[in-house]
Every structure is written in C-alpha cells, then in structure tokens.
1. Only one of LEU29, LEU37, LEU55 is under 16 Å from TYR82 (Cα atoms) and among the hydrophobic types (A, V, I, L, M, F, W, C). Can you tell me which?
2. Of all the residues that make up region 27-57, how many are within 13 Å of VAL71 (Cβ to Cβ) and free of Cβ contacts under 8 Å to residues at least 12 places away in the same chain?
3. Among the residues of region 34-49, how many are among the charged types (D, E, K, R) and over 22 Å from GLN10 (Cβ atoms)?
Amino acid sequence: MRLTAIVHGQVQGVGFRFYAQRAAAGLGLRGYVRNRLDGDVELVAEGQRPALEELLHWLEHGPAGAQVKRVAAEWSTAEGTYSGFQIRV
C-alpha cells in the first residue's frame with residue numbers, strides 16, 4: 001500500500017522530518033518526507049498496511065515541540081519506486 005499524508009500545523013523547525021524518517025525506516029517502510037513551502041510536511045510511504053497505519057498514528061502526534069492540527073491522508077496502491085526512506089529538501 002501507499003500512504004500519502006500532508007501534516008498541517010506547527011510541524012517545521014521541530015525535527016518532524018527526522019523523527020518521521022526514523023519512525024518510517026524502523027517500520028520497514030520506503031518513501032520520503034519533505035517540508036512544503038506552505039509550512040506543512042508531506043510524506044509518502046509504501047509498505048504493509050499495518051505499518052503504514054502505525055506511522056499515520058505517529059504523524060497525528062509528531063515529536064515533542066510539534067503542534068499537529070490535522071493530517072490529510074490518502075491511500076493508494078504502492079508503485080514500488082522507492083528504496084529506503086529519505087528526507088527530501
């Protein structure tokens with residue numbers, strides 16, 4: 001499965017991308033996370049649905065210092081184009 005998530009709130013400048021990368025890699029997921037110009041964080045992850053759901057739960061809370069207002073999540077079929085989980089700039 002593929003999870004595409006946009007995390008809204010105070011999520012930049014608080015280590016969100018690094019924590020998301022660590023959480024996703026620890027769950028065996030592939031994909032990326034990046035800051036968006038509008039102040040949100042975008043994440044695309046592929047893997048097994050239970051691991052993606054666990055990551056989504058984590059995204060709804062974020063690391064200490066983050067203030068997540070909401071997460072817009074979209075589910076689709078994995079494309080298999082990622083190797084590892086990266087932070088994009």
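1. Details: LEU37 fails: under 16 Å from TYR82 (Cα atoms); LEU55 fails: under 16 Å from TYR82 (Cα atoms).
It is LEU29.
2. Here the count works out to 2.
3. Let us first name the residues in region 34-49 that are among the charged types (D, E, K, R), namely 34, 36, 38, 40, 42, 46, 49.
Among the residues that remain, those that are also over 22 Å from GLN10 (Cβ atoms) are: 46, 49.
Residues that pass the stated criteria total 2.
Each value in this text was obtained by applying a stated rule to the coordinates, not by laboratory testing. Here the structure is a predicted model, which is why all the values come from computation and not from measurement. As a convention, Cβ positions derive from the backbone with ideal geometry for all residues, glycine included, and neighbour counts pool all protein chains shown.
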